[in-house]
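In what follows, a structure is listed as structure tokens, so that the remarks can point back to it.
The values are calculated or read from the model by the stated rules, or taken from the named source; none is laboratory data. All figures in this text were calculated on a predicted structure; none of them were measured in a lab. Please note: Cβ atoms are built from the backbone with ideal geometry, for glycine as well, and neighbour counts cover all protein chains shown.
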Amino acid sequence: MARRTVRPVSAPLGRAEVASQQIAAAVDYIRETRAMARVSLVAHSWGTLAAGRYAGDHADQVDRLVLFGPVALRALPGTPADSMAWAVVTEADQRRRFYGYVPAGEPPVLAPRHFAEWGPAYVASDPTAASRTPPSVVVPNGPGADIDQAWRGQLPYDPARISAPTLIIRGAWDVVTTDADARWLYDALTAAPVKRDVKIDRATHVMHLERGRRQLYREVSGFLAGGDR
């Protein structure tokens, strides 16, 4: 019988459960050094899974929660795929991703001159980047694994446990957070005393890097200011 060599699969690093523990350590430090009872959390994309888990586990320590481009529960068929611990990302990968978010026929909302500065700086953030061809950044695969599971029915936290005022904010061109995703999450936040779903026109999943980013800043600042209970 022919034998087949199976490459071992390492567990993906950087899962939401571990990241929520890191958030807890950071919040404990801030609360102690600033003599604060509660903090507000602003999270983006996969980070909303870790922040949502923390907010549910530490309700008494979270004042307000901002979920920017959040990952929500979906019901795609199949089971989550196995992942290696790490992946590598090149500057070209990031360029394709960022510019690929814009619908066909629409001009880019990410200024090329900004990416020209950001792209090389991103690659330079990994001191080992130059050892690979092309130069690339080593990133943990945990976030991708968490998103895959969430979209196949396994969200790593329960939105119903979040009792802080919560803002869902996203771009109209966001393919990671669709209208259906936002609707599900909004309805699942049953214990939040205040909740908002804000959609900004002509913005994608990375609108914090785009021309319309100041709209994002204003909406988030206004929500964090409170006064809406």
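Within the set Lys195, Lys199, the sole residue that is within 30 Å of Pro108 (Cα to Cα), in contact (Cβ under 8 Å) with a residue 12 or more places away in the chain and charged (D, E, K, R) turns out to be Lys199. If the condition is being hydrophobic (A, V, I, L, M, F, W, C) and either surrounded by fewer than 21 Cβ atoms within 10 Å (Cβ to Cβ) or under 18 Å from Gly212 (Cα atoms) (or both), then the stretch 177-191 contributes Ala180, Trp184, Ala188, Ala191.
Residues of the stretch 201-215 being assigned to a loop (DSSP other than H, G, I, E, B) and surrounded by fewer than 18 Cβ atoms within 10 Å (Cβ to Cβ), which ones? Those that are assigned to a loop (DSSP other than H, G, I, E, B) and surrounded by fewer than 18 Cβ atoms within 10 Å (Cβ to Cβ): Asp201, Arg202, Arg211, Gly212. Pairs meeting the criteria (first residue in the stretch 157-169 and at pLDDT 95 or above, second residue in a loop (DSSP other than H, G, I, E, B) and basic (Lys, Arg), beta carbons under 9 Å, at least 6 apart or on different chains) are Ala164/Arg38; Pro165/Arg229.
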